[in-house]
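What follows is a single structure, written as structure tokens, with notes after it.
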Amino acid sequence: MLTLWSLLLFLVEIGYVCNLNAKFPSYIYFNSLVFADAFIGIDIGNDPSSLPSPELVVSLLKSHQITHVRLFDSDARLLSALSNTGIEVMIGVANKEVLRIAKSPSNAASWINTHVSAFKPATNITAIAVGSEFLSSNPNAGPVLVIAINNLYKALVASNLNNQINISTPLSMDMIPTPFPPSTATFNLSWNSTIHDILEFLQNTNSFYMLNAYPYDYFVRSNGIFPIQYALFQPLPEVNQIVDPNTLFHYESMLDAMVDATYYSIAAYKFSVIPIIVTETGWPWSGRANESDANMATAETFNNNLIKRVLTGSGPPSQPGILLNSYIYEMFNEDKRPNYGVFFKNGSSVYALDLGNSKGNFSGGFCVARKGADSASLQAGLNWACGQGQANCKAIQSGQPCYLPNTVENHASYAYNDYYQRKHDLGGTCDFGGTGILTNVDPSTCSLLFTRIFIMKWAILVWVETC
């Protein structure tokens, strides 16, 4: 008879193979963000002269089916307007408020009562961003930021909201001096203690790392080293592939590489994998006279391709199983980063942006091995998909849930479809040297069952811990 203990061991063993990245320590991470749907959110600033009425803001969000917003402050009028919409709201603690909150737990409790409890549950507040690139503008105040974060979390616990709301702090890519190659990236050592304390907090509270990453900035600084197609999520010719020389991971976009650089920087602290959410990214549609690539066409290309990339449902090469959820900077133009807004104050669009599917899963048909294809060609396609194509082929390895039937056709179908679902919105095809074919029949039932078993394992482990 199957005992609870043997069931647990079996499920843990299955869950272990879901740790997709052999380059990192083999920890299993149970944050719900890993299993959530992919989404694109949008940032809304706090300059009242740049914003339309809260009612128009919410109307725009609804009409464009935007499901997630990040507010740079906690404006009461906008929070009220967002009530009963179901939109997930990340509110912000302004940099100037951080010191006051750090000074006293009672100040933190007052902030939570005023800006969170007063609006819950009607307004769906799910996260608090403490400061915005606070360390970059206050390099000697790291301990103050950590204290403020902990004070706010304790206030959430006291209000019984800690299981509903995550707390983190948006950090700039400037925290990582040399982000390429990603595998050797590390945080600036001058913030070593502060970064450790922040990561420890995020791990202990099952929160996520908030990253502000702008490929435009890095592209400009690279001074021609990286092609603009790489920054815009566009395919690169074979001779110009961007490859990490240590891991041999192929990077199809600069944002993927920036996020991976952050994952590797976190791994250097020996913490288990902490999911990253991109709290700011975007491209300017106008710039100075010497910024020719800051124009309408490139801004439109970047943001539309960003949406497609995120909604593929895959993460960067080192963490393909963790979503690349991102917030576009920004909804309306402000002085912090001028000419990034995707809407004018009157609600009209700056350029065409396909935000009508800002939340979703994989889309399109399914890609499988063509019946009758010769084994050698199928094996070549399988090798490419699991290698350079970056398909997740863990489940078809010996002893894993989708290994049987052990045929090259079965394994190729699994790998082809995994690659196609991740990449087809970015130009990936179902060709594989003529051995792939599109179908309306989903070949990944095994994969779906495998994922559900992993989620069930998480629930059972939590139950055992709380018994």
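We did not get these values from a lab; they are worked out from the coordinates using the rules stated. Being a predicted model, the structure only gives us computed values, none of them experimental. A quick note on method: Cβ atoms are made from the backbone with ideal geometry, for glycine too, and the neighbour counts reach across all protein chains shown.
With a cut-off of 9 Å between beta carbons, the residues surrounding A391 carry a summed charge of +1, where Lys and Arg count +1 and Asp and Glu -1. If R0 equals 35 Å, the separation of the Cβ atoms of D174 and N406 corresponds to a calculated FRET efficiency of about 0.10. Structural size metrics of the stretch 191-327, computed from C-alpha coordinates, are Rg and Dmax of 15.8, 48 Å.
Under 16 Å from a label point set 7 Å out along the Cα-to-Cβ vector of A76, the amide N atoms of the stretch 45-65 belong to 54.
All Cα-Cα separations within the stretch 52-103 were binned at 10 Å from zero, giving a P(r) of 23, 50, 19, 8, 0, each value a whole percent of the pairs. Computed as a quarter of the hull surface, the mean projected area of the alpha carbon convex hull for the stretch 103-247 stands at 11.2 nm². For the stretch 32-360, the antiparallel share of DSSP beta bridges with both residues in that region comes to about 15%. Under the rule a/c < 1.5 gives rounded, and otherwise a/b versus b/c splits prolate from oblate, where does the stretch 372-414 land using the Cα gyration tensor? Because a/c hits 1.5 or more and a/b fails to exceed b/c, the stretch 372-414 counts as oblate.
Count charges around I437 for me, please; just the other residues with Cβ under 11 Å from its Cβ, Lys/Arg as +1, Asp/Glu as -1.
Net charge in that neighbourhood comes out at +1.
Reported value for the stretch 32-360: 128 Å³ per residue, from the convex hull of its C-alpha atoms.
Extending 7 Å from the Cα toward the beta-carbon at both K154 and D431 defines two label points whose distance is 6.2 nm.
At 0.36 nm per residue, and after removing the present C-alpha to C-alpha distance, how many nm does the segment from D47 to K96 gain when stretched out fully? Mind showing how you got there, number by number?
Details: separation 49, 0.36 × 49 = 17.64 nm, distance 1.50 nm.
That pair, D47 and K96, stretches by 16.1 nm at full extension.
Among the listed pairs K62/K308; K103/K154; K103/K336; K96/K154; K120/K154, those with a Cα-Cα distance over 22 Å are K103/K336. Modelled spin labels at L189 and N206, positioned 7 Å past Cα toward Cβ, are 3.7 nm from each other. Near V350: Cβ cut-off under 12 Å, other residues only, Lys/Arg at +1 and Asp/Glu at -1. The net charge is -1.
In this calculation the C-beta distance from K345 to T114 is compared with R0 = 22 Å, giving a FRET efficiency of 0.20.
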